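The values are calculated or read from the model by the stated rules, or taken from the named source; none is laboratory data. Keep in mind it's a predicted model, so treat the numbers as computed, not measured. All Cβ positions, even for glycine, are placed from backbone atoms using ideal geometry, and neighbour counts span all protein chains on display. Each accessible area value is taken on the protein alone, full model and side chains, heavy atoms only, with ligands, DNA and RNA left out. Shrake-Rupley method; radii C 1.70, N 1.55, O 1.52, S 1.80 Å.
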Amino acid sequence: MVPSLKRLLAALRRLPGVGAKSAQRIGYHLLRAEKSESYELARSIVNLAERVALCSICGNIAETTADENRRPVCEICSDPERDEERLLIVEEPYNVESFERTGVFNGRYHVLGGLFDPLAGIGAEELGLDKLRRRIAEAAYNEIILATSPTAAGEATAAYLRELLEPLNVRLTRIAVGLSAGADVDYADEVSLRLAVEGRREMH
Amino acid sequence: MRNAVEASLDYGKRRGGCKASVLPRRRWGCYTPSMRLKSLELDHFRIYERLRLELPPGEVCLAGANAAGKTSLLEAVYYLATARSFRFAEDRDLVRWGAQGFGLRAAALRDDEETRLALAYRSGGKTAAVDGERCPRLSSILGRLLTCCFTVEDLDTVRGAAGRRRRFLDLVLGQVSQSYTRAMGELRDCLRQRNAALRADPLDRAAVTAWDRPLSRAAARIIELRRAAVDELAAPAPQIFAEITASRHDLRLDYEGPLEETRLGAADLEEAFIELLRRRFERDRRRGCTTAGPHRDDLALRLDGNDLRRYASRGQQRLAMVALRLAEADFLHQRTGTRPIFLLDDVASELDAETTARVLPALRSRVDQLLLTALPQDVGDLSVDGTVLSIDGGRVRQ
């Protein structure tokens, strides 16, 4: 194999979900394709690396401006129309997209960029929780919604946040767990059913 | 929206497929379906290079000299049921010398319904398939082939470290409750993370206690299920013990853990467990690990008030274990509505002739298929009610 192709395949294989076979297929495809296709791909990758950064306020992804002195701010944080009273805390930037698609939430977000994982050395410092605490202390939110997944790591992170934010005297809520919409009670597992009963609410 | 026909179809599939955990405890009339092994295939397992065996209905006795491969056959059946060895062996030690991995396959009948099970081990790990479809998780194979066993190693279940008795409970519950298997997985994850946080330098106390909630949730669930299982195993135990010893003794089982005296219900157990973790924080920090939880609990076995784990003759320990295994067969039957397959390894050398003569009828009344092993000279004493297969050097003669 020629060195240039070898180098590309090695780079491709570092991408998530790309194994040796896929890398080879992509590599040979690019060899055969129009040069413009390769240039467009390369430009968009470089552009992504140069123009997209994490929002300095919430940790979501943000497009940077030409002005290097301005810190990156995402679309949601720079939108004056959004509700200033509620903050929703999620794990990853793509979780923001999911909540946005529902249209149910019009407040602000905070993206942790991961969950507690002591084995991998990820704790409060790596997740920037001190910065989050300061952000909440300095603003006047009426409600903080903890929207990490109801997995062990998600629950542990939520538990930590509760301890951290409780002294700030702000209302803390946790997203509901139980049955998913459209689920059949007969098919639900015991744990979900139990949580669904525990989290029941008054009918109005 | 699914239509009703479709829904009723997969409902039937689910019930028939012996998905134990979703089944409530069932009461049956005089008739109960039984589990029966129809065929067994081994590749590179223990001394077997390749074995293809059709099992006749009814009792099957495998007769052969020592090291002929009798126990390994039972072990293969048990492995298909639980994805673990009853010999407390590492998976790689089960691979035939010189091979890279092993494969096990079986066809099992639950009444007329056939299920095909396959399990393969390579150095990378284990994969399972049911009816030709690969399972996304290994745990999906648990509970498909209901089995119960009494082996030479069972003496260690009584005398050995607490881990042996926890494993006994894990293997019993793993066959009837997916929720148990899942909670055990969560417990393991939470413990590893909490222990890593305990050893972090500098220590962030809140980063440790953050795991208390998910850990306690899994722990409460496990303790609740283990307690229920222990109570159900304990109920018939004295009567079974009397049946196999022809004498009256009080055989008792109790789940042992730091919260057992409180006898709290599952809902309160979670909070109590969080409180326990909080109280033990300093100790946990010094040791660098979580020192209380289902991973430290034990099963107490007492005969007339004496702790069988420490103060008993081997004979008593063995008899208690046989009684426990029979109670396990009842438990599996009660929980799944199906009578399990029973594997009995070398009973003639484990028990005296009189006891054997009492144990075998007790077993035969409980299960439909009994697979047992014996030395050729002992076969006559067992009055086998079925087929005797002779086995030698990893080959079976039908």
_In Å, descending, principal axis extents of the Cα set of segment A:3-50_ = 26, 23, 19
*Between the DSSP loop rule and a limit of at most 12 other Cβ atoms within 10 Å, which GluC sites (Glu not before Pro) in segment B:59-130 are left?*
B:GLU90
*Could you run the Karplus curve 6.51 cos²θ - 1.76 cosθ + 1.60 with θ = phi - 60° over segment B:150-166 and give me ³J(HN,Hα) per residue in whole Hz, x for Gly and Pro?*
10, 10, 4, 5, 4, 4, 5, 5, 7, 8, x, 5, 4, x, 5, 6, 5
*Carbon and sulfur atoms: what percent of the 1.4 Å accessible area of segment B:56-171 do they account for?*
44
*Quick one: Cα centre-to-centre distance for segment B:381-398 and segment B:291-350, in angstrom?*
27
*With at most 15 neighbouring Cβ atoms within 10 Å, loop trypsin sites (Lys or Arg not before Pro) (DSSP) excluded, longest segment of chain B*: B:28-136
*asked:* Taking the solvent-accessible surface of protein heavy atoms with a 1.4 Å probe, what is the per residue accessible area of chain B in Å²?
replied: 44
_Assigned charges on the beta-carbon of Lys, Arg, Asp, Glu; chain A dipole about Cα centre (debye)_ = 980
*asked:* Using a 1.4 Å probe on the protein heavy atoms, what percent of the accessible area of segment A:1-143 belongs to carbon and sulfur?
replied: 52
*Return the residues of segment A:101-128 for which accessible area with all protein chains present is lower than in the chain on its own by 50 Å² or more; set the probe to 1.4 Å and exclude ligands, DNA and RNA.*
A:PRO118, A:LEU119
*asked:* Using just the Cα positions, wrap chain B in a convex hull and report its mean projected area in square nanometres, one decimal place.
replied: 22.7
*In whole angstrom, note down how far apart the Cα centers of segment B:168-183 and segment A:69-135 are.*
38
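Which whole-number percent of Cα pairs in segment B:161-314 have a distance greater than 18 Å?
62
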*asked:* Name the residue from B:TYR79, B:SER216, B:ALA161 whose Cα lies farthest towards the positive end of the charge dipole of chain B, charges +1 on Cβ of Lys and Arg and -1 on Cβ of Asp and Glu.
replied: B:SER216
*What are the ³J(HN,Hα) values, in whole Hz, obtained from phi via the Karplus relation 6.51 cos²θ - 1.76 cosθ + 1.60 with θ = phi - 60°, for each residue of segment A:73-81 in sequence order, with x given for Gly and Pro?*
10, 7, 4, 6, 5, 8, 8, x, 7
*Got a sec? Charge dipole of segment B:161-314, +1 on Cβ for Lys and Arg, -1 for Asp and Glu; which of B:ALA207, B:LEU187, B:PRO238 is way out at the positive end?*
B:ALA207
_Over segment B:256-360, volume per residue of the alpha carbon convex hull, in Å³_ = 178
*asked:* Within 10 Å, at most 15 other Cβ atoms, and a DSSP state outside H, G, I, E, B define an exposed site. Report the longest part of chain A free of exposed GluC sites (Glu not before Pro).
replied: A:127-201
*Magnitude of the charge dipole, chain B, Cβ model with Lys/Arg +1 and Asp/Glu -1, debye to 20*: 1160
*Would you work out the charge dipole size for segment A:3-50 about its Cα centre, treating the Cβ of every Lys and Arg as +1 and the Cβ of every Asp and Glu as -1, and quote it to the nearest 20 debye?*
320
*Helix-derived mean residue ellipticity, 222 nm - over the protein assembly as shown, DSSP H n ≥ 4, -39500 (n - 2.57), to 500*: -13000 deg cm²/dmol
*Enumerate the whole-percent occupancy of each 5 Å bin, from 0 to the last occupied one, for all C-alpha pair distances of chain A.*
1, 6, 11, 14, 14, 13, 12, 11, 8, 6, 4, 1, 0, 0
*Read phi for every residue in segment B:136-142 and hand back ³J(HN,Hα) as whole Hz from Karplus 6.51 cos²θ - 1.76 cosθ + 1.60, θ = phi - 60°, with x for Gly and Pro.*
x, 10, 4, 5, 5, 7, 5
*In segment A:7-81, trypsin sites (Lys or Arg not before Pro) in a DSSP loop with at most 10 other beta-carbon atoms within 10 Å*: A:ARG14, A:ARG70
